[in-house]
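**Student:** One structure coming up, written as structure tokens, with questions to follow.
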Amino acid sequence: MASGLEDFENPSPNIVISQEWSDAAETIAYDSVSSPPPVTFVCGPKNSGKTTFSRHLVNVLLQRYKRVAYLDTDVGQSEFTPPGLLSLTVIDKITPDLTIPCLKTPERCFFFGDISSKRDPTTYLTYTYALYDHYRKEHCIFDNKEYPNCAALPLVINTPGWVKGIGYDILVDILKYICPSHVVKIRISAETKNLPAGAFWLDEEECCTATLVEINSARQDSFNRSVLIQKDSRLLRDLHMMAYFRQCFPSDMCITTIKELAHALAAHPPFEISITSVKIKHVHCQVPEAEIFYSLNATIVGLAVTSEDSESFPHCVGLGLVRSIDTLKGILYIITPVPHNSLEKVDLLLQGYIQIPSCLLQVQGCISPYMSTNVLPTD
Amino acid sequence: MESFLGFRGPAADEVIFDQSQSFKLVPWISWNEWEFVRESLFSSSPQSVPSALQRIATWRSRGCLPVVIEVTAAIIEIQQKDPFFRDDIAEAADSEEMLAMLYCMAIMRLVNVVIEKTRRKTETSIAEAANAIGIPRMLIDIRHEGSHRDLPSLRLVRLAATKALGWLKSYYWEPQKNAIPNEGDLVANLRKEIKQRLRELSFCLKAKQMSRKGSLLVKGKRTKHLEPLCGPNKFLSLMAVNHTHSKTSGSKKHVSKAVKNVLRLYASFSVEVLDVLLGLLMKSFKSSELVQHLENPDDGKEADSIQAGFDEWKSVINKLFNKEPKLLWNLLTAVLEKILIHETGKQELDAPILYQHTTESPRIRSLPFLFEWLVQILDSRTPAQLDGVTVEMKFINKYLPKATILELLRKCLVVCSHANKQLAHSAFILSRMLGNKFLNYKLAKLLSLSLNIPDLAVSTEVPLESNFDNFISLEKESLDVAAKSLELIKHGRKKSKTMKRTDVHAEVKTRWAIAKSWNPCPIGMLPHKLGSSGCLPVLDCCNVIPETSKLSNSKNQLELNQCLGNQEAQRVVEQLDYLSTEKTRETVVGCEVSNKENISSQGIKGNLLIDGVWRRVTEDEVIAIASGIRILV
């Protein structure tokens, strides 16, 4: 299900992997032959190159292992999924281009419904733990009875760049829970923005079982100062979301511009689902019951499956766009690239604060009513 | 307001709906909704305030709520808790300190958040920045006190909150209210613009024609009809309107530009464009000719001359059809709908419709002629039979899908039941375009019953049998159909009952289905029958919504609802109900005919006995049933 709007054949021209970085990746991948595969935790401040290093590491690991598990906890700039999701993905192919993200269907995924963990750290941690547990259960046991031929997979954990305050606490909590074999800490030259030195997540008397790999951010100027590549994260998210919904259409269909995508979406026959056969829930705030549809119309929802096991959380099969609601007929119209057979299990629509890219709403000829003119510029 | 459409005047070349307009994502679906909230929020009656607060809470869940609205709602919600503002609350639920804390927090957020957004980097202090946008000084002090010193007293923050509301009104709510474009003006401007663009196109095409042929006086027949409309006066006024580009207006560039303008409008406001175009067409229709025609209905040539009035627009329609074939289809549908609405209105008065001379406006009576004229255009655009059927089918598939024509034919037949020659003829042309000989034949028979149309009979290869036999067979057919659909429903019910017992998961299988037909429309709107402008959904949660509501369109169907939950049976019923959500008409061609002949008993008109219940059926349903029967046979 790999998809992207560009050509994958070009190896990434703008990305230079420094010697330090490739050494670090090699060390992790070929550390000790006999021990279980490495579980690597990649952390560091914003724009320091965590994601790029993770991608590189995955590629290096894929030279030794057939498959690599990837736990993505960066809900704002997720790698293989659209934003707002926490996911565990199994990768079996090297991605030569490190510049652009490509979408993959995760093995397991939860809808967090926001682009930062700050709104609900507890749920965020719970989901992260649940995904790690899933990895332990499915991919970490040496002789897995269900898949006897399946060797244990290495795991790469990518984290958000929020390393101060609550963000720091969350990182520490995840590190304590997972106990990775390697921690990659990327440092930038602005020392105050870095994570504390050493094995910061351990309490004083604990001894460190993990190999700590400290590396500098990839780009430096002549004075050894980090050159941070500022990303327009909002734009990236929008592009990610558009690439996701691009998958509703066959890849040979000619959709290259945003405008074409917006028109195609407006004309795309949506899925119909009876309002009574799904539950609707907002994961972050209370919606007055009588006004659910005012809240839901033209928003992006997580398509989730309530698990029979009351202990576990509803897992998410993908995102959908509630393109309109017919309350008279009692039907929701939803656009989603999720295939029909996975959809049938979906019985829960999770609403969050994941915003639909506004450029999809304001293309000439199909301007959504939620795009308004004459709005006073108050903020 | 005007700048919303950018419509500056008739000669303006500017694109009205250009991208320079800045759009902003808002949580409300229309300004009406916003206005409702504003009114209830500041209303003096305490009952309406909670509804506004509730809606704002809903907006918040969409994630793009302007912060000024959020703060306003917060302050008003706190006031609702404060017995000082409420006669009906004797004692506060919260302690005074709690209330003070709430007020204080709301005020701090107001100051910080609003200033954050407006403060320029050069302005150093918050007080300066606040001064720049007129926030009362008292609010700044409370922010300071509340953050760094003692919690301000309840009396103080209560007063400050009232001031804060006053400021919010003057800073956001009032100016925003004044900035909302007046909808009436908008619509009027829009229609004006559409009319202008259409005229422009017509003018361009005419100019092109003139320059090609050297003079307006082409064929004698045409000029005769064009003259009264495009005579010197009108022509001059058009010239005046278009004076800026009159010299070159015939050029290809201008034509294509004019076409583009119209289509751009059509893309966003299809309903309005169709309506205006229809209006223009009806205007060009000559009532005197119609009167003549009605007095002398057998004179075939007169119909042509009536329609010649429309010919002024022929090139326009052709041009638009080239670029956007759907427009013509939608225009045809719009014509039928207009007739239908008019007729259903008239029917209650029990007057015969289109031939009533006295009260009918001639424009309404022109509609069938218009329809026929449009169908003829459509027909003329299908390539000649020379290249064989395949080419024609290709053409049809490209420009008008078969289903579209069939749909049109259905609607046409529904409307046509009142013995209208033009519509009947159009229906016949449509069926011919479908290239289905069997259908052709049947239609010819059917039409020959209700109207005496000799040319139809001639044009069919199969000779017509006696009318009476036809009635009988039609009647029989519909009875058979009723019996069979009854069986089908019974069968379905039985089947689903047994299925329910054995297989619980059977229902789950079809919960998600892809919509069968879908008209493009903006995200957040429901598709509109005509074109791509879409219509706003009703979002109120009206004790939603048993699956049955789909079925219970009329009281007659209550009994049928028993089979609810039995998906199998439901589906059968749905098939019958398939089109009944659209405006239904009680009459069925077949049944009506039989009434005239007095064969069947009273009370059957428009109804079929299905499953022991008299149900209203529409033409569409009968056609659907008939096709079902054909499969069975």
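The values are calculated or read from the model by the stated rules, or taken from the named source; none is laboratory data. Values in this document were obtained by computation on a predicted structure and should not be read as measured data. Counting neighbours? That spans all protein chains shown, and the Cβs are built from the backbone with ideal geometry, glycine included. Please note that ligands, DNA and RNA were not included when accessible areas were found on the heavy atoms of the full protein model with its side chains. Shrake-Rupley method; radii C 1.70, N 1.55, O 1.52, S 1.80 Å.
**Student:** Within the stretch A:324-332, can one find any residue that is in contact (Cβ under 8 Å) with a residue 60 or more places away in the chain, open to solvent by less than 30 Å² (accessible area, probe 1.4 Å) and within 8 Å of chain B (Cβ to nearest Cβ)?
**Tutor:** Keep residues of the stretch A:324-332 that are in contact (Cβ under 8 Å) with a residue 60 or more places away in the chain, which gives A:332.
Next, only the ones that are open to solvent by less than 30 Å² (accessible area, probe 1.4 Å) stay: A:332.
So of that shortlist, the ones also within 8 Å of chain B (Cβ to nearest Cβ) come out as none.
The answer is no; no qualifying residue exists.
**Student:** When residue A:152 is evaluated against the numbered criteria (1) closer than 26 Å to residue A:26 by Cα; (2) modelled with pLDDT of 90 or more; (3) touching a helix residue (DSSP H, G or I) at 6+ places or on another chain (Cβ under 7 Å), which criterion, by number, is the only one it fails?
**Tutor:** The number of the failed condition is (2).
**Student:** Please work out which residue is nearest to the other protein chains (Cβ to nearest Cβ), limiting yourself to the stretch A:248-267 and to residues that are crowded, with 18+ Cβ neighbours inside 10 Å and not in a helix (DSSP H, G or I).
**Tutor:** For the stretch A:248-267, the residue satisfying everything is A:248.
**Student:** Still on this structure, I have one more. Quick test of your reading of the structure: residue A:303 fulfils all but one of (1) within 28 Å of residue B:267 (Cβ to Cβ); (2) more than 8 Å from chain B (Cβ to nearest Cβ). Name the failing condition by number.
**Tutor:** (1)
**Student:** How many residues does the stretch A:361-379 contain that are more than 7 Å from chain B (Cβ to nearest Cβ) and within 21 Å of residue B:269 (Cβ to Cβ)?
**Tutor:** Taking the stretch A:361-379 first, the residues more than 7 Å from chain B (Cβ to nearest Cβ) are A:363, A:377.
In the following step, the residues that additionally are within 21 Å of residue B:269 (Cβ to Cβ) were identified as A:363.
Residues meeting the conditions: 1.
**Student:** Could I ask something else about it? Pairs under 9 Å by beta carbon, first residue modelled with pLDDT under 55 in the stretch A:130-147, partner not in a helix (DSSP H, G or I), six or more apart or different chains?
**Tutor:** A:144/A:150; A:144/A:151; A:144/A:152
**Student:** Does residue A:281 meet the test of being more than 10 Å from chain B (Cβ to nearest Cβ) and closer than 28 Å to residue A:122 by Cα? It would help to see each step written out before you state the result.
**Tutor:** Details: more than 10 Å from chain B (Cβ to nearest Cβ): yes; closer than 28 Å to residue A:122 by Cα: yes.
So residue A:281 passes the test.
**Student:** I'm trying to understand the selection: among the residues of the stretch B:57-67, which are hydrophobic (A, V, I, L, M, F, W, C) and crowded, with 21+ Cβ neighbours inside 10 Å?
**Tutor:** At the first step, the residues of the stretch B:57-67 found to be hydrophobic (A, V, I, L, M, F, W, C) are B:57, B:59, B:64-65, B:67.
Within the stretch B:57-67, B:59 is the sole residue that qualifies.
**Student:** Quick one: count up the residues across the stretch B:166-198 that are open to solvent by 40 Å² or more (accessible area, probe 1.4 Å), under 28 Å from the mean Cα position of the chain (by Cα) and without any contact (Cβ under 8 Å) to a residue 60 or more places away in the chain.
**Tutor:** 2
**Student:** How many of the residues making up the stretch B:147-197 are closer than 23 Å to residue B:136 by Cα and among the charged types (D, E, K, R)?
**Tutor:** 8
**Student:** Okay, next question. Only residues that are closer than 28 Å to residue A:313 by Cβ and open to solvent by 10 Å² or more (accessible area, probe 1.4 Å): list them for the stretch A:80-102, please.
**Tutor:** Quick first cut of the stretch A:80-102, residues closer than 28 Å to residue A:313 by Cβ only: A:80-92, A:101-102.
Of everything in the stretch A:80-102, those that are closer than 28 Å to residue A:313 by Cβ and open to solvent by 10 Å² or more (accessible area, probe 1.4 Å) turn out to be A:80, A:90, A:92, A:101.
**Student:** Please indicate, with yes or no, whether at least one residue in the stretch A:340-358 is closer than 17 Å to residue A:260 by Cα and either at the interface with chain B (Cβ under 7 Å from one of its Cβ atoms) or of a type in the set (Phe, Trp, Tyr) (or both). Spell out how you get there, then give the answer.
**Tutor:** Filtering the stretch A:340-358 down to residues closer than 17 Å to residue A:260 by Cα leaves A:356-358.
Subset that is either at the interface with chain B (Cβ under 7 Å from one of its Cβ atoms) or of a type in the set (Phe, Trp, Tyr) (or both): A:358.
Yes; the residues of the stretch A:340-358 include at least one that is closer than 17 Å to residue A:260 by Cα and either at the interface with chain B (Cβ under 7 Å from one of its Cβ atoms) or of a type in the set (Phe, Trp, Tyr) (or both).
**Student:** Out of the helices (runs of 4 or more DSSP H) lying entirely within the stretch B:277-375, which hold 2 or more residues that are at pLDDT below 65? Reasoning before the result, please.
**Tutor:** Numbers: elements: B:287-295, B:300-308, B:314-323, B:325-347.
Those helices (runs of 4 or more DSSP H) span B:287-295, B:300-308, B:325-347.
**Student:** Find the residue count for the stretch A:20-77, including only residues that are of a type in the set (A, V, I, L, M, F, W, C), in a loop (DSSP other than H, G, I, E, B) and open to solvent by 10 Å² or more (accessible area, probe 1.4 Å). Before you say what the answer is, go through the steps one by one.
**Tutor:** In the first step, residues of the stretch A:20-77 are kept if they are of a type in the set (A, V, I, L, M, F, W, C); the result is A:21, A:24-25, A:28-29, A:33, A:39, A:41-43, A:53, A:57-58, A:60-62, A:68-69, A:71, A:75.
Cutting the leftovers down to in a loop (DSSP other than H, G, I, E, B) gives us A:33, A:75.
After this cut, where a residue has to be open to solvent by 10 Å² or more (accessible area, probe 1.4 Å) as well, the list is A:33.
The qualifying residues number 1.
**Student:** Now, a different point. Mind listing just one residue for me: the one in the stretch B:128-186 that is in a helix (DSSP H, G or I) and of a type in the set (S, T, N, Q) and, of those, farthest from the other protein chains (Cβ to nearest Cβ)?
**Tutor:** Looking at the filtered set, the residue picked out is B:162.
**Student:** Quick one: which of A:292, A:273 is in a helix (DSSP H, G or I), facing chain B (nearest Cβ under 7 Å) and among the β-branched types (Val, Ile, Thr)? Walk me through how you get there before you give the answer.
**Tutor:** Details: A:273 fails: in a helix (DSSP H, G or I).
The match here is A:292.
**Student:** While we're looking at this one, here's another question. Can you tell me which residue among A:338, A:322, A:287, A:375 is within 30 Å of residue B:172 (Cβ to Cβ), assigned to a loop (DSSP other than H, G, I, E, B) and at pLDDT 85 or above?
**Tutor:** On the way: A:338 fails: within 30 Å of residue B:172 (Cβ to Cβ); A:322 fails: assigned to a loop (DSSP other than H, G, I, E, B); A:375 fails: at pLDDT 85 or above.
Checking each option against the conditions leaves just A:287.
**Student:** If a residue has to be surrounded by fewer than 20 Cβ atoms within 10 Å (Cβ to Cβ) and either among the aliphatic types (A, V, I, L, M) or assigned to a strand (DSSP E or B) (or both) to count, how many in the stretch A:174-212 make the cut?
**Tutor:** Going through the stretch A:174-212 one residue at a time, the tally reaches 8.
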